[in-house]
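Here the structure comes first, spelled out in structure tokens, and everything after it is commentary.
The values are calculated or read from the model by the stated rules, or taken from the named source; none is laboratory data. Keep in mind that this is a model prediction, so the values were computed, not measured. Quick reminder, even Gly has a Cβ in these numbers, built from the backbone with ideal geometry, and neighbours come from all protein chains shown.
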Amino acid sequence: MDFLDIVSSMLLLAGVFFGFSGAVGLFRFPDFFTRVHAASVTDSIAAILIIGGLLLQTSFDLNTAKLVFILLFLLVTSPTASHALAKSARHGGLLTLAESSSQDKQESAK
Amino acid sequence: MAEFIDLVLLAMLALTALRIIFLKDLFAVVMLFGIYSFLSALIFVNLDAVDVAFTEASVGAGISTVLMLVTLAMTGRKEKQSTHSTLLPLFVVLVTGAALIYGTLDMPPFGHPDNPVHQHVAPRYIEESPKEVGLPNMVTSVLASYRGFDTLGETVVVFSALIGVLSLLGVRRKKKKDLESGLETHSVLHVVSKIIIPLVILFALYVQFHGDFGPGGGFQAGVIAAAAFILYALVLGLPKAFAVVGPKFLQWMASFGVLLYASVGLYSMYKGGHFLDYNKLAADPIAGQHYGIIIIELGVGITVFAVMLNIFYAFGSQAERSNVQ
């Protein structure tokens, strides 16, 4: 097992960890915005780490180039998707947890 | 290991299907359908059927999800409560299911090499197609050459889907008043889609013209190109998309694709062969096959692109209109 294999498996394991934590967060977090945050962790860092790990497994040929293209595409699109999701939720009038709890307090104070 | 992956994917597929049946929120159902398509695409990849996986991912998970979402924008996202008794449907389903299972008992053993499916035309395609058609991607030779009639039929089906949608809905031009969809002021989406759309169209052209050598072809390429234009229409609004490719032009394009396909068949008849006999298209039969396949794939791509985009226009303009009122 040479050096590249070790680095690649470390990257893959880290990717799996972040993917898993994103999935846990998606189920356990309390409101929409925190959940989007968790999902975007899976989208961005987990995808980068896993494709990075796979890159080191190739023999630096056409497959490497294809993986780099996929990586670039994901780097551009998945943060945009998370951003668009969160922004359209704002546009639709969804409040964050802190905002809605402070609103509740104001209403109970009245 | 491959069996284990298959098993996990099939289990996830079954779970997704069950969830789709029991959910009442149609928006979530559409999303689950997308997941369902991606899972089946993964199963197809695992079975080495890359072309089918590609189609499933682009058509099933991509364009049909978008079209379903646009439909939901018109109809609303809640399923109607059914007031009928469920006993009779349950009975019908049970009887049909039992009949189907009884029918499978007569099937030849699963995956056996002596099965008719492995003995009929498949060995001929595998052995002769490199000599007769000479394309590296055997799927394209079967789809476009041996099964050219079927593919012409499929293209006509796609075309008639457009006729159906247009005669039911029609594409409504926008009125003077501009809508605020919230997306028009969304600068991040604008910038990113400006980067992405040319790349997507480039990829669609690659899939179109590389379909003879790798996975891909007219169906996938048309859908991918339509997705690029749908992204443009979603981000910048339908009127601006109409300015780029209008619905009337798309109707011409859709019929042009089918006619291009059929005219290859007629031309080969004119040259003295049968309908869609590509061998007659050039002096060298193999070169004739290559010309024929490239042209009919182009016809398929044009038709699929125009039909998908025009169906989106029809649904989208209706949805915008109902939002105004």
>> Looking at B:Ala287, B:Ala233 in this structure, which one is in a helix (DSSP H, G or I) and under 20 Å from the mean Cα position of the chain (by Cα)?
In response: B:Ala233
>> If I filter the range B:198-206 for residues that are within 19 Å of the chain's Cα centre (by Cα), buried (at least 19 other Cβ atoms within 10 Å of the Cβ), within 15 Å of B:Leu298 (Cβ to Cβ) and not aliphatic (A, V, I, L, M), do I get at least one hit?
In response: no
> Restricting the search to the range A:71-99, which residues are of a type in the set (Ser, Thr, Tyr) and more than 9 Å from chain B (Cβ to nearest Cβ)?
Replying inline: A:Ser78, A:Ser82, A:Thr96
>> Please verify whether B:Ala2 is of a type in the set (Gly, Ala, Ser) and within 22 Å of the chain's Cα centre (by Cα), treating the condition exactly as stated.
In response: no
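Residue-by-condition table, conditions (1) in contact with a Cys (Cβ under 8 Å, 6 or more places away or on another chain); (2) over 28 Å from A:His83 (Cα atoms); (3) more than 14 Å from every other protein chain (Cβ to nearest Cβ):
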site: B:Ile196; (1), (2), (3): no, no, no
site: B:Gly211; (1), (2), (3): no, yes, yes
site: B:Gly214; (1), (2), (3): no, yes, no
site: B:Ala227; (1), (2), (3): no, no, no
>> Checking the condition closer than 23 Å to B:Leu202 by Cβ and at pLDDT 90 or above, which residue from A:Leu75, A:Leu55, A:Leu62 passes?
In response: A:Leu55
>> Checking the conditions here, which among A:Phe17, A:Phe33 is aromatic (Phe, Trp, Tyr), in contact (Cβ under 8 Å) with a residue 60 or more places away in the chain, part of a helix (DSSP H, G or I) and more than 14 Å from chain B (Cβ to nearest Cβ)?
In response: A:Phe33
>> Looking at the range B:23-46, I want the residues that are not assigned by TED's automatic domain parsing to the domain that holds B:Gln220 and part of a helix (DSSP H, G or I) and have a partner that is modelled with pLDDT under 95 and among the small types (Gly, Ala, Ser) with Cβ atoms under 6 Å, at least 6 apart or on another chain. Which pairs are those?
In response: B:Gly34/B:Ala61; B:Ser37/B:Gly60; B:Ser37/B:Ala61; B:Phe38/B:Ala61; B:Ala41/B:Ala53; B:Ala41/B:Ala57; B:Phe44/B:Ala53; B:Val45/B:Ala53
> Which one of these is closer than 18 Å to B:Thr151 by Cβ, surrounded by 20 or more Cβ atoms within 10 Å (Cβ to Cβ) and β-branched (Val, Ile, Thr): B:Val264, B:Val235?
Replying inline: B:Val264
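With under 21 Å from the mean Cα position of the chain (by Cα) and assigned by TED's automatic domain parsing to the domain that holds B:Val156 as the only criterion, which of B:Val223, B:Val244 stands out?
Values: B:Val244 fails: under 21 Å from the mean Cα position of the chain (by Cα).
Of B:Val223, B:Val244, the one residue that is under 21 Å from the mean Cα position of the chain (by Cα) and assigned by TED's automatic domain parsing to the domain that holds B:Val156 is B:Val223.
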